[in-house]
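Okay, so here's the structure we're looking at.
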Amino acid sequence: MTTPNSLIFPFTAVLGQEELKNCLILTAVDPSISGVLALGDRGTAKTTIIRALGQLLTNHGLGMPVVELPLGSSEDRVLGTMDLQKALNGDVAFAPGILSRAHGGFLYIDEVNLLDDFLVDVLLDVSASGVNRVERDGISHTHAARFVLVGSGNPEEGDLRPQLKDRFGLATEVRTIREAAVRAEIARRRMLFDDDEPSFFHQWSEREEQVAQRILAARTHLHSVHTPPHVLQQIVEVCVESGAVGHRAEVVLARTARAIAALAGREEVTRSDVIFAAVPALQHRMADGPGTRGASASSQVKLTAARVLGLRAA
């Protein structure tokens, strides 16, 4: 493990928001799940959690950096453009943009629901193909751009285009914690970190290592996990009965359930894996998803999955 010069609050020290943390871990195990959408209240550690996971993975050699795409970024900054310094010397060369740096990692967009339409169109195109093509200013360049798309925001400030929402494999609502004791502990940990970052980071280093090893073991084990035909059939039935829009739903649900099984060290996907994966995989693919009446969507998915799978809803 390496310790960076500038520390981010440790991933394992974040109290609460377990569903968001679990969703991000699952995409670190299997990036083909394709992304996480976290909508909810301001000041609930969404950005901290995402940056902290990138730090954890990087520190332990798991190689998935977090690259941020700021609102209002220019097309050149996102896609890449001509290298002006080399152009002054008479050479035509490509200067990589944000999409190039995000390849193999996380592309994080805060306030994703406020993203300019032209950037939404870019993300839809690149996320579908996994390739960024730049044809402009005398430059013709193509490079791989496969990343886990992570978006956060407050739905009260604007709606997310349905086409972009569908590109996020998983979605979760992030709400303000109401328990006074938990909030007091959150404040205590934050002050300890701010007072002495290296010391606080060291206190959590063992837990950071444990999470990193779990992710590494699950990655190694992932493709040996078997999804029985009857479980795959149940996955399709859950998607149909939940009213999920589009056919991406069953693929994401199957991949997420497999990642859950891999994290648990199992050889086969179980019905329990499916029911735990169903809410984050399906609730934003319904008419009422995170940011509108997500609680009702979440409950509907959970009850439907439990009925189809013959299990009691958790």
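Every number here is computed from the coordinates shown, using simple stated rules; none is lab data. Since this is a predicted model, take the numbers as computed values, not measurements. All Cβ positions, even for glycine, are placed from backbone atoms using ideal geometry, and neighbour counts span all protein chains on display.
Here the label points at Glu268 and Glu197, each 7 Å from Cα along the C-beta direction, are separated by 4.9 nm in the simple model. Potential lengthening of the chain between Glu156 and Arg207 amounts to 14.8 nm, from the contour at 0.36 nm per residue minus the alpha-carbon distance.
What FRET efficiency comes out for Asp116 versus Ser296 if R0 is 25 angstrom and r is the Cβ-Cβ distance? Round to the nearest 0.05. After rounding, the FRET efficiency stands at 0.20.
The stretch between Glu241 and Arg136, if pulled fully straight at 0.36 nm per residue, gains 33.1 nm over its current Cα-Cα span.
Every helix of 4 or more DSSP H residues in the chain counts as -39500 (n - 2.57), and over all residues that averages to -15000 deg cm²/dmol at 222 nm. Pick the calculated Rg/Rh (Cα atoms, Kirkwood Rh) for this structure from (1) 1.05; (2) 0.93; (3) 0.98? Of the listed options (1) 1.05; (2) 0.93; (3) 0.98, (3) comes from this structure. For GluC sites (Glu not before Pro), the sites in the range 126-216 that DSSP calls loop and that have at most 12 other Cβ atoms within 10 Å are Glu179.
The modelled label-to-label distance between Thr220 and Thr176, using points 7 Å beyond Cα along the C-beta direction, is 4.5 nm. Taking the inverse of the mean 1/r over every pair of distinct Cα atoms in the range 181-226 gives a Kirkwood hydrodynamic radius of 12.8 Å. Long hydrophobic helices in the chain: the complete DSSP H runs spanning 15 Å or more by Cα along their own axis with mean Kyte-Doolittle hydropathy of at least 0.0 are 18-29, 46-59, 117-129, 229-242, 248-263, 271-282, 294-309.
Amide H contacts of Val148 (H built 1.01 Å from N, in plane; Pro and chain starts excluded): Gly105, Phe106, Leu107 sit under 5 Å, all sequence-distant by 5 or more or on other chains. Over every Cα atom in the range 225-309, the radius of gyration and the widest Cα-Cα span, Dmax, amount to 12.0, 37 Å.
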